[in-house]
Amino acid sequence: MDFIDDFKYIIVPILTWFFIQLFKCLSDLAKNRKLNIRRILGAGGMPSSHSAVVTSLATLIGKHEGIETYGFAIAVIFACIVMYDAAGVRRAAGNQAKLLNKIVETPGLSKVEVSERLVEALGHTPFQVVVGAVIGIIVGLIF
């Protein structure tokens, strides 16, 4: 048995996540002329690695096990929940963090002292989710 073939349902999504996060890190480097290695583990941005990971997994399962299987059904439902969360709940939390950061930083508006800013890039726009999903489907079909 081939190692990669035996563990494709784990290896392919993890490599998909890694390369998308690496792309975001390099894109951030090109934009800001500064290497931010934390970007590798950070959330948000284009494209959605969350969407790519779950759709690559669902596509792999559908391709190799069949679309009529329980595993495929579970993976598709899981993918829908993750993508909804990325574009909905986590995006809303990021927008709230942005607003709270502005309130705390506005002189005279708040007496709250904060030692660090809240993370604003938590979620994704629907377009970022769709692009990530398309990448995940393509990767799943290739492998």
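The values are calculated or read from the model by the stated rules, or taken from the named source; none is laboratory data. Note that this is a predicted model, so its numbers are computed, not measured. A quick note on method: Cβ atoms are made from the backbone with ideal geometry, for glycine too, and the neighbour counts reach across all protein chains shown.
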Item to check | So residue 103, is it aliphatic (A, V, I, L, M), under 30 Å from residue 8 (Cβ atoms) and either more than 20 Å from the chain's Cα centre (by Cα) or surrounded by fewer than 20 Cβ atoms within 10 Å (Cβ to Cβ) (or both) | outcome: no
Picking from 30, 58, the residue that is over 15 Å from residue 123 (Cα atoms) and touching a Phe, Trp or Tyr at 6+ places or on another chain (Cβ under 7 Å) would be 58
| query | Hey, any hits in region 9-29 for a residue that's in a helix (DSSP H, G or I), at pLDDT below 90 and under 18 Å from residue 138 (Cα atoms)? | reply | no
Take the conditions of a type in the set (A, V, I, L, M), assigned to a helix (DSSP H, G or I) and within 26 Å of residue 143 (Cα to Cα) and apply them to residue 53. Does it pass? yes
Scanning region 56-77 for residues that are closer than 16 Å to residue 136 by Cα and of a type in the set (Phe, Trp, Tyr) gives 72
